[in-house]
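Notes follow once the structure below has been shown.
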């Protein structure tokens, strides 16, 4: 009994000590009192130096929190209980959030830097006139491959994935829209298809791909491709850029039948406590130098033309990551298909997965 | 006899090698100047320097430790008394139903627990942050404590308690002098398992946290999309070495000048 | 027993916990399981569960949970037994637990590296002239890593049960001429059965809802009920269907509890299985 009592007291003392250390650290970083701007973003999706710079320039204190999926982020915002001033959802999530009345309109007069953004990325169907959102990064879905592990195949067409020589060599992303979309694209259908027959046809076609599929995974795809564990992967362009940065053998291609074009935009959730600060932050992030530094750090494609002028020519002229407008015409943005249809996609994807073992 | 003990040693060595292999692998790469876990370039301390210059990361670590220790402690106390309550229940079917309820949180996927706790907290009006995370961690650690304490309680000979009562021991005496010492190994195991649950949890914490409060797990998981930096490896290395030293140090201090003490003592 | 009252006072927080954090969420889940996407009452979710996809999923979940539990037990029992024979057994036991305090995602990433084509295991195999083996994304790697995760939960209760075993019982059995195996199967194992049961429960039940490593280590070739629920909640946003699967998971758990449950209590366990 004595030992238990002693242990209990020891634990409590340790906690109190740690609490004071934390309190001290909190104060010494000199940000206990100022107005805070709470930012809710994907992990490692911003250059942390920029946060400090923003704090210095604006006088606001930044509280930075991270999420790992659009859906989880929406659940948090919808339930309330915590106030985020900025969030960075993908385009289909913005549509859903608009429908559920989770966003505040953005006052364009407070965002003079909006003129830095390429007009191509403004006024898109998921948010006409950019009433609720401002572009942050964008990209595509394509195929990253390792020519050193292949005998000369290239991937101008989705069809190349079905090649018999690729047995057990392909990694797919764990996303129903991406994988079913690939099936639809390879048949020449729209990746927003809601036609039952087209979807069934896509599933049948995907089931024939099964022998070639090594695994269906998430973000670990980067590590695996860099380590040359697999020869081919279906992935997002931003992630492909990360991989190619680390392993120069790798190449990236967007098949000509078409693929997905995606956007991550900054929004102000309805629960925002510091709307003024949120606008200041958005405007800050759209500044040419800031956006250029951020794009260099994160490695994704920036929609900010003023920033592109400041960036390395070699990066921004790379058609694989900054495809020209003609090439972009071939790409489709995900429509919000509604929960019912999303359920159908997921059910088909589950069937595909179950067929693998 | 000689032969079995040699086999035992080899067997245990193998188990320990496997248990520690991934951790040593992580630590090895924390010295990699290459910046990723992919190929080892040259030796560097830079990631360790990065840990100490990142105040935010250190604060998150401290938060994580506070939540883990406090939640495990409280969960152990609640769980031990819960287990006592269950064992002394006369009604067998009631006892079994309570036991089933106890295990619901172990079987439920974290996402479901997280989402329902979030709904619960917003309904009651608890502000998301330290308190909500602590309460949740206590909540999902209680069942494992009960599960670990129960076998010890069931082994306890009830004649032991009757004998103590016959000798005039008060209720408090029976609890602190007879029951608790007997189930102590179970209590410690329960505490350590609760600690494991708390340190490892990502999904539940993710849902119930907010207002700037984060734990290490949440931070690490959300880094996955853009790649986990080796700073985290270095942090893991530090945590690992410190924990190891603390545990070994504590063990030998508590051993010194005392009769065998520790988890499994029998009195 | 007159001291019943004082005990129930101490147990109050526990029962409050059951009410708030177990019964309330179950009620919520049960409620959601009858809702369709637009929030209307429906039985469709239950009907959907009995389609081939979900039944297949349930079967494969159980099969893998069974394998994980079996291998955990096979590895854990001797480990716990040998641990009780070591000099500083408490310390060694703590050293079994420490690895579980390191973040699981990080350890999983380490396993991806270790099992990889250019990882240490394949390098080791190549020394013996064995060509590159695909270890990741196989049943082997999935079960290996799962056992790795759950093994402390199996070792600890068994260790506690073995540790308090009276050595004179074993001596007596041997003196009576029982072989090692007979001593084990007739004396040691029955006396540790409670610890084994606790271990089996602590491993089998959460195995049914494993996720994350089904993707990272098994490459989604293994799908558990937990993964399916997670998908329904987070991706499909169909809380109704997710809740329905969760309801079945809870039912399965109750069945397991009944099967592995204690038939007798307390004092009698010493005299059982003579």
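The values are calculated or read from the model by the stated rules, or taken from the named source; none is laboratory data. Keep in mind that what you see is a predicted model, and the values were worked out from it rather than measured. Counting neighbours? That spans all protein chains shown, and the Cβs are built from the backbone with ideal geometry, glycine included.
Below are the figures for this structure:
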{"read-out": "Elements of type helices (runs of 4 or more DSSP H) in the range A:213-294, at least 2 residues being in contact with a helix residue (DSSP H, G or I) (Cβ under 6 Å, 6 or more places away or on another chain) and away from chain C (no Cβ under 14 Å)", "value": "A:237-246, A:275-285"}
{"read-out": "Set C:52, C:72, C:60, C:33: member being at the interface with another protein chain (Cβ under 10 Å from one of its Cβ atoms) and at pLDDT 90 or above", "value": "C:60"}
{"read-out": "Qualifying residue in the range A:40-51 (condition: over 15 Å from the mean Cα position of the chain (by Cα), buried (at least 21 other Cβ atoms within 10 Å of the Cβ), within 12 Å of another protein chain (Cβ to nearest Cβ) and touching a residue at least 12 places away in the same chain (Cβ under 8 Å))", "value": "no"}
{"read-out": "Members of the range A:128-161 that are part of a helix (DSSP H, G or I) and more than 23 Å from the chain's Cα centre (by Cα)", "value": "A:147, A:148, A:149, A:159, A:160, A:161"}
{"read-out": "Any hit, the range C:196-213, residues being within 14 Å of chain A (Cβ to nearest Cβ), in a helix (DSSP H, G or I) and either touching a helix residue (DSSP H, G or I) at 6+ places or on another chain (Cβ under 8 Å) or closer than 28 Å to residue C:95 by Cα (or both)", "value": "yes"}
{"read-out": "Residue B:195 vs. criteria crowded, with 21+ Cβ neighbours inside 10 Å, touching a strand residue (DSSP E or B) at 6+ places or on another chain (Cβ under 7 Å) and within 13 Å of chain A (Cβ to nearest Cβ)", "value": "no"}
{"read-out": "Residue within the range A:140-148 that is within 20 Å of residue A:222 (Cα to Cα), surrounded by fewer than 22 Cβ atoms within 10 Å (Cβ to Cβ), in the same structural domain as residue A:240 (by TED's automatic domain parsing) and out of contact with any strand residue (DSSP E or B) (no Cβ under 7 Å at 6 or more places or on another chain) present", "value": "yes"}
{"read-out": "The range C:228-256: number of residues that are in a helix (DSSP H, G or I), without any contact (Cβ under 8 Å) to a residue 24 or more places away in the chain and within 9 Å of chain A (Cβ to nearest Cβ)", "value": "4"}
{"read-out": "Hey, residue B:114 closer than 26 Å to residue C:242 by Cβ and out of contact with any strand residue (DSSP E or B) (no Cβ under 9 Å at 6 or more places or on another chain) or not", "value": "yes"}
{"read-out": "Residue in the range A:168-182 that is over 23 Å from residue A:258 (Cβ atoms) and not assigned by TED's automatic domain parsing to the domain that holds residue A:116 present", "value": "yes"}
{"read-out": "Filter result (assigned to a loop (DSSP other than H, G, I, E, B) and farther than 18 Å from residue A:143 by Cβ) within the range A:301-324", "value": "A:302, A:303, A:311, A:312, A:317, A:324"}
{"read-out": "Complete set of residues in the range A:85-127 that are touching a residue at least 60 places away in the same chain (Cβ under 8 Å), assigned to a loop (DSSP other than H, G, I, E, B) and within 16 Å of residue A:335 (Cα to Cα)", "value": "A:89, A:124, A:125, A:126, A:127"}
{"read-out": "From the options B:107, B:87, B:65, B:111, residue that is over 16 Å from residue B:144 (Cα atoms) and facing chain C (nearest Cβ under 8 Å)", "value": "B:111"}
{"read-out": "Single residue of the range A:150-180 satisfying the filter (more than 14 Å from every other protein chain (Cβ to nearest Cβ) and closer than 20 Å to residue A:198 by Cα) that is surrounded by the fewest Cβ atoms within 10 Å (Cβ to Cβ)", "value": "A:159"}
{"read-out": "Residue B:73 vs. criteria within 27 Å of residue B:174 (Cβ to Cβ), out of contact with any strand residue (DSSP E or B) (no Cβ under 8 Å at 6 or more places or on another chain) and surrounded by fewer than 22 Cβ atoms within 10 Å (Cβ to Cβ)", "value": "yes"}
{"read-out": "Residue satisfying condition, being closer than 20 Å to residue C:223 by Cβ and in contact with a strand residue (DSSP E or B) (Cβ under 8 Å, 6 or more places away or on another chain), within set A:207, A:192, A:212", "value": "A:212"}
{"read-out": "Residue in the range A:66-82 that is free of Cβ contacts under 8 Å to residues at least 60 places away in the same chain, more than 14 Å from chain B (Cβ to nearest Cβ) and either part of a loop (DSSP other than H, G, I, E, B) or over 17 Å from the mean Cα position of the chain (by Cα) (or both) present", "value": "no"}
{"read-out": "For residue B:128: the one exception among (1) surrounded by fewer than 17 Cβ atoms within 10 Å (Cβ to Cβ); (2) more than 9 Å from chain C (Cβ to nearest Cβ)", "value": "(1)"}
{"read-out": "Selection status of residue B:157, surrounded by fewer than 21 Cβ atoms within 10 Å (Cβ to Cβ) and either over 30 Å from residue A:80 (Cα atoms) or within 10 Å of chain C (Cβ to nearest Cβ) (or both)", "value": "yes"}
{"read-out": "Output for the range C:164-184, where each listed residue is within 30 Å of the chain's Cα centre (by Cα) and surrounded by fewer than 13 Cβ atoms within 10 Å (Cβ to Cβ)", "value": "C:166, C:167, C:180, C:181"}
{"read-out": "Test for residue A:93: is it under 24 Å from residue B:227 (Cα atoms) and more than 10 Å from chain B (Cβ to nearest Cβ)", "value": "yes"}
{"read-out": "Test set (1) assigned to a helix (DSSP H, G or I); (2) in contact with a helix residue (DSSP H, G or I) (Cβ under 9 Å, 6 or more places away or on another chain) - residue C:171 fails condition number", "value": "(2)"}
